[in-house]
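Here's the structure we're looking at; comments come further down.
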């Protein structure tokens, strides 16, 4: 993000655990959700609806929001995929 002059609106330290409630709030404000896990990339057009499957993919094995997570406009991204992030942010 720094290389492209992008500045986050809010940073949440890893020590502050975000769970199901916070994930629901992010999903409710997002129309498109992109989830990256390893080489797998899943895109969901949610229209702001909170679906159980998408919510489960947002959360890690501990029940906390997976990192990194970012919301860019109406798109939420969880997990890192360089191409997906570049497309959503640039």
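Quick note: the coordinates plus some simple rules give every number you see, no bench work behind them. Since this is a predicted model, take the numbers as computed values, not measurements. Cβ placement follows ideal geometry from the backbone for every residue including glycine, while neighbour counts extend to all protein chains displayed.
Ordered by the number of other Cβ atoms lying within 10 Å of each residue's own Cβ, fewest first, 37, 17 fall into the sequence 17, 37.
If the segment from residue 56 to residue 80 were pulled out straight at 0.36 nm per residue, it would be longer than the present Cα-Cα gap by 7.0 nm. When you restrict to C-alpha pairs under 8 Å that are six or more residues apart and normalise by the size of the stretch 15-89, the relative contact order lands at 35 percent.
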